[in-house]
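Asks: Next up is a structure, given as structure tokens.
The values are calculated or read from the model by the stated rules, or taken from the named source; none is laboratory data. This structure is a prediction, so every number in the text was calculated from the model and none was measured. Cβ placement follows ideal geometry from the backbone for every residue including glycine, while neighbour counts extend to all protein chains displayed. The area values use the complete protein model at the heavy-atom level, side chains included, leaving out ligands, DNA and RNA. Shrake-Rupley method; radii C 1.70, N 1.55, O 1.52, S 1.80 Å.
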Amino acid sequence: MNAVEKARRNVWWPIVLLALVVGLVLYLVRGSLSPLVLSAIVAYLLNPLVDIGERHALPRWLTITLLYVVIGGLIVLAIFYLMPLLFDQLHEIQQRLKTLWPLLPGYLDAIVEWVNARIPAFRSFIEEPQLGSRIVNTAQEWLTRTLEHTPALLTKALSNLVVVLSYFVMVPFIAFFLLRDGRQFKRGLIALVPNRYFEATLSVIAGVGESVGRYLRGVLLESLTLGLMATIGLLIIGLKAAIVVGFVAGFMNLIPYLGSIAGVVIGCLVALSTGGNVIGVVIVFAVVQFIDNWFVQPIILSRSVRLHPLVIFLAVVFGGTYGGLLGMVLAVPLSGAFVVTVRTLREGLRPPVYSSASAG
Amino acid sequence: MPNALWTNLASLFRARTPLAKVLADLPLFADLTTQQLEEIERIVHLRTYRAGEVIFEAGDAGVAMYVIVAGEVKIVLPDESGEKNRELARLGMGDLFGELALLDASPRSATAIATTATEAAAIARPDWMNLIERRPSIGVRMMLPLSRLLAARLRMANRPPSDSESDDAGEDTV
């Protein structure tokens with residue numbers, strides 16, 4: 001065995017060392033990482049559009065600016081038209097609940113009475129009179145408090161203006177340069193790679209970039225489709241606050257499986273409190289989930305990663321622990337990106353094939 | 001005179017670097033305009049190699065095509081034992097090797113070693129594919145020269161090994 005081959009056998013350890021160092025640095029700066037991660041995601045999502053613009057002889061900066069104008073316009077439109085609608089619908093649910101609550105204790109007491117009459121053994125558990133009204137009162141207090149505080153919570157989140165503004169300024173700013181000069185950054189990084197790893201690095205970077213981009217675009221597109229389908233379905237069955245519920249279901253679907261579950265739960269609560277069609281809500285989400293599983297996902301996410309439900313669950317838990325709501329939403333796409341990266345790395349770093357058949 | 005100023009500035013930026021000159025002289029890029037050549041230049045990775053350094057080895061998955069900007073490279077075929085190398089070709093400034101990597105990821109059929117301090121411009125398949133996706137006109141203008149190049153290599157490889165000297169050159173498809 002000659003020296004070159006010996007050197008080749010030790011190819012893995014500098015890479016592991018580099019990964020460890022990068023991991024350590026990322027851990028140390030984790031506090032300021034989320035705007036960067038968000039920017040990278042935005043850049044991944046918009047890059048194909050910017051490429052299409054370049055294809056039609058539009059300079060990259062112009063395409064990015066145009067996209068920003070369009071997206072900004074959509075956000076402004078959403079704030080002016082959708083937000084009042086959302087608040088109206090929330091308010092309406094709140095009002096309906098207020099008229100419905102007084103009726104509930106009676107129902108619950110009747111149920112308790114009915115159980116007591118048939119199962120006498122139960123009486124020893126439920127000695128207290130008016131258990132139903134007490135349960136309802138506690139629940140009611142909690143729910144009215146939550147609902148009354150929902151607008152307050154939203155305003156509180158918005159009032160943390162420094163954070164929100166910094167995101168609204170930083171993310172587009174970073175994403176702009178990632179989109180415009182991303183290739184130059186990449187070239188600069190590759191220039192630092194030793195000759196021995198040059199070609200392997202090229203193929204790994206290309207593979208990771210492509211699969212991560214495809215995955216992120218897939219996840220977003222899927223959530224969008226699910227939210228739209230749910231909204232349309234709920235509008236058809238005439239549920240109050242259909243847009244709110246559909247919107248929430250679509251957003252929650254960034255965390256796999258959670259979209260439809262959250263949709264069913266919230267939708268049923270809304271239907272119950274507003275005298276809507278509970279069975280209709282369940283049917284709508286069953287159909288939406290069915291279409292999503294059998295038609296949307298296979299098309300959109302076909303060549304992408306599929307994570308085990310347990311992995312998704314753990315990712316969401318960790319994400320929630322370390323990054324709050326944003327962490328929960330980012331956890332799954334990030335784990336997906338991580339899995340894709342590792343998979344591509346392994347493919348890219350497989351030992352070279354020495355076959356006499358291919359020589360010549 | 002603003003016009004004179006602008007033409008001066010433009011010529012300043014259009015001044016060809018040595019790399020652009022080397023690229024422009026290649027038959028592969030002969031049909032490209034100056035602007036398109038600049039696009040190519042923007043995806044090029046300039047690599048420097050010490051004398052004796054391996055650029056790629058037979059069996060590696062090929063990812064990039066190389067153009068020698070300065071120096072000399074030898075193309076060798078490892079023996080079955082892997083010890084003795086049979087030299088197939090010696091390439092100098094402006095020569096191009098590993099061009100099959102632009103088309104697919106098949107393993108390298110020979111090893112490339114820098115014999116002197118060498119500077120080479122590498123063009124990677126993913127970058128090139130992305131470029132011709134964004135600028136289809138570049139792809140169109142490169143396809144014919146690339147096909148011609150491959151046809152010439154194929155013709156050399158298919159030539160009957162009547163004279164022993166041409167046998168080596170025939171396997172110069174790296």
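Asks: Convert each backbone phi in region A:55-67 into a coupling constant with the Karplus relation 6.51 cos²θ - 1.76 cosθ + 1.60 (shift: θ = phi - 60°), then list the ³J(HN,Hα) values in order as whole Hz, x for Gly and Pro.
Replies: Once θ is set to phi - 60°, the couplings for region A:55-67 become 4, 9, 6, 8, x, 4, 4, 5, 4, 4, 4, 4, 4 Hz.
Asks: Count the net charge of all other residues whose Cβ sits under 10 Å from the Cβ of A:Gly275, scoring Lys and Arg as +1 and Asp and Glu as -1.
Replies: Value of the local net charge: +2.
Asks: A follow-up question, please. Counting only residues 5 or more places away or on other chains, whose amide H sits under 5 Å from the amide H of B:Phe56 once H atoms are built in the peptide plane?
Replies: Close amide H contacts, sequence-distant or interchain: B:Ala112.
Asks: Next question. Tell me the accessible surface of A:Trp13 in square angstrom (1.4 angstrom probe, heavy atoms of protein chains only), to the nearest ten.
Replies: 130
Asks: For a quick check of understanding: with a 1.4 angstrom probe and all protein chains in place, what accessible area in square angstrom does B:Thr118 have, to the nearest ten?
Replies: 10
Asks: Accessible area, 1.4 Å probe, largest first: how do A:Glu199, B:Glu87 sort?
Replies: If we order A:Glu199, B:Glu87 from most to least accessible, we get B:Glu87, A:Glu199.
Asks: Let me ask something else about it. Tabulate in residue order the Karplus-calculated ³J(HN,Hα) for region A:247-254, using 6.51 cos²θ - 1.76 cosθ + 1.60 with θ = phi - 60°, rounded to whole Hz; enter x for Gly and Pro.
Replies: Result, rounded to whole Hz: 4, 4, 4, x, 5, 5, 6, 4.
Asks: So if we plug the beta-carbon distance of B:Ala24 and A:Leu17 into 1/(1 + (r/R0)^6) with R0 = 45 Å, what FRET efficiency do we get, rounded to 0.05?
Replies: 0.60
Asks: Sorted by accessible area (1.4 Å probe), largest first, how do A:Arg187, A:Arg145 line up?
Replies: Result, largest first: A:Arg145, A:Arg187.
Asks: Continuing with the same structure: Simple spin-label model, 7 Å along Cα-to-Cβ: A:Trp61 to B:Arg50 in nm?
Replies: 4.2
Asks: Still on this model: How big is the accessible area of B:Thr34 in square angstrom, nearest 10, if you roll a 1.4 angstrom probe over the protein chains?
Replies: 60
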